[in-house]
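Heads up: the structure comes next, in structure tokens.
The values are calculated or read from the model by the stated rules, or taken from the named source; none is laboratory data. No experiment lies behind these values; they were computed from the predicted model shown. Please note: Cβ atoms are built from the backbone with ideal geometry, for glycine as well, and neighbour counts cover all protein chains shown. All accessible areas refer to the heavy atoms of the entire protein, side chains included, with ligands and DNA or RNA removed. Shrake-Rupley method; radii C 1.70, N 1.55, O 1.52, S 1.80 Å.
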Amino acid sequence: MKSKKNHKRLRDLGFYLGNSLIGLVFVSPLLWMVAASFKPELAIFSNINSIRTFIPEHFSLANYIEVFRRLNIPQILGNTFSYIAIVLLGDLLFGSMCGYALAKLDFRGRGPILTLVIALMSMPVEAILLPLYIEVSRFGLGNTLPGLALPFMMNCFSIYMFYSYFLDIPDELIEAARIDGCGEIRCYFRIVLPLAKTVLATVFILDFVARWNDFMWPFLITTGEDKRTVQLAIQTFFGTQPIHYGSIMAALTLASVPMLLIYIFMQKYYVEGIASTGIKG
């Protein structure tokens, strides 16, 4: 009996050590980026084949000072967060409404619409960027915040996640609310939506990360520096010669902070949301 317990402990220890080593391998580029952002330019690629490359020998904030000197950080963050806020508002509201309608309302054409939503999930956004650009330009929304956010205010993947989650809500609960006098809109906002916190958090995280990292669409639709988002601002460090990798690493480190904070504080809801949606149906 004792030998079995020892064997289990050794197995668990090996499991955790192995996962820790794998985790370090995956996180090592991020650690190197942070370390490089605090190094002088000439020291960034020194000791690249040694563990010492992860430890700044000459700690310096010069790269971060250069980033704030070259970029209008408040304006860039304002543009990016406004873009994300509009997309989130639309996707969380309209995407959840569509998912609820497909899951709980009986109407003609529900099956074909659901099939279309699932089919569109497989289409890469790069395939429709040019038609989107042409349509947004024809509406006179080029280089505007609405033109930047409008194409992404609804997402087929988000609709399907809400649909999968709402399928598990008992029909009896919704019927009881209807019997008590709740209309569909009131039933949705007062009964259904409060039960969907985990999937709302999951869609929030996925949309936030996707739009924060978005480069191609803002690059196509915005023409003025006053509308630049975070990723467009970072790209300016690659367009001037000579390229200063210290400033690039500092800008990338700053751009990674919001995403890390989102995952740290919302990881629980993200895991629960992924576990309860998207794998059924």
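Scanning segment 80-98 for residues that are more than 14 Å from ALA196 (Cβ to Cβ) and acidic (Asp, Glu) yields a count of 0. Just checking, does segment 50-59 include any residue being outside the structural domain of PRO146 (by TED's automatic domain parsing), touching a helix residue (DSSP H, G or I) at 6+ places or on another chain (Cβ under 8 Å), open to solvent by less than 50 Å² (accessible area, probe 1.4 Å) and touching a residue at least 12 places away in the same chain (Cβ under 8 Å)? So far as segment 50-59 goes, yes, one or more of its residues are outside the structural domain of PRO146 (by TED's automatic domain parsing), touching a helix residue (DSSP H, G or I) at 6+ places or on another chain (Cβ under 8 Å), open to solvent by less than 50 Å² (accessible area, probe 1.4 Å) and touching a residue at least 12 places away in the same chain (Cβ under 8 Å).
Looking across segment 257-270, just one residue is out of contact with any helix residue (DSSP H, G or I) (no Cβ under 7 Å at 6 or more places or on another chain) and open to solvent by less than 80 Å² (accessible area, probe 1.4 Å), and that is VAL257.
Based on what the data block shows, is ALA196 open to solvent by 30 Å² or more (accessible area, probe 1.4 Å) and in the same structural domain as ALA101 (by TED's automatic domain parsing)? First the steps, then the outcome.
On the way: open to solvent by 30 Å² or more (accessible area, probe 1.4 Å): no; in the same structural domain as ALA101 (by TED's automatic domain parsing): yes.
Taking the combined requirement at face value, the residue does not satisfy it.
Among the residues of segment 16-42, those that are of a type in the set (Phe, Trp, Tyr) and either in a helix (DSSP H, G or I) or open to solvent by 50 Å² or more (accessible area, probe 1.4 Å) (or both) comprise TYR16, PHE26, TRP32. Selection within segment 191-244: residues that are under 30 Å from ASP168 (Cα atoms) and among the small types (Gly, Ala, Ser). The member of this set that is nearest to the chain's Cα centre (by Cα) is ALA210.
Which one is least open to solvent (accessible area, probe 1.4 Å), of the residues in segment 105-125 that are touching a Leu at 6+ places or on another chain (Cβ under 8 Å) and touching a residue at least 40 places away in the same chain (Cβ under 8 Å)? Among them, the one singled out is VAL117. Residue check: is SER46 polar (S, T, N, Q), modelled with pLDDT under 85 and either assigned by TED's automatic domain parsing to the domain that holds LEU252 or loosely packed, with under 10 Cβ neighbours inside 10 Å (or both)? Criteria not met by SER46.
Among the residues of segment 212-228, how many are over 16 Å from LEU260 (Cα atoms) and outside any helix (DSSP H, G or I)?
If we filter segment 212-228 for residues that are over 16 Å from LEU260 (Cα atoms), which is where we start, we get 214-228.
Subset that is outside any helix (DSSP H, G or I): 214-215, 222-224, 228.
Of the residues in segment 212-228, 6 are over 16 Å from LEU260 (Cα atoms) and outside any helix (DSSP H, G or I).
Among the residues of segment 126-141, those identified as of a type outside the set (A, V, I, L, M, F, W, C) and surrounded by fewer than 16 Cβ atoms within 10 Å (Cβ to Cβ) are GLU126, PRO131, GLU135, SER137, ARG138, GLY140.
Could we say that VAL209 is crowded, with 21+ Cβ neighbours inside 10 Å and either assigned by TED's automatic domain parsing to the domain that holds PHE157 or part of a helix (DSSP H, G or I) (or both) here?
Numbers: crowded, with 21+ Cβ neighbours inside 10 Å: no; either assigned by TED's automatic domain parsing to the domain that holds PHE157 or part of a helix (DSSP H, G or I) (or both): yes.
Judged against the criteria, VAL209 is not a match.
Within segment 224-270, take every residue that is in contact (Cβ under 8 Å) with a residue 40 or more places away in the chain and small (Gly, Ala, Ser) and give me the one that is farthest from LEU145 (Cα to Cα). This residue is GLY246.
With respect to (1) under 20 Å from the mean Cα position of the chain (by Cα); (2) over 17 Å from CYS98 (Cα atoms), the lone exception for MET153 is condition (2).
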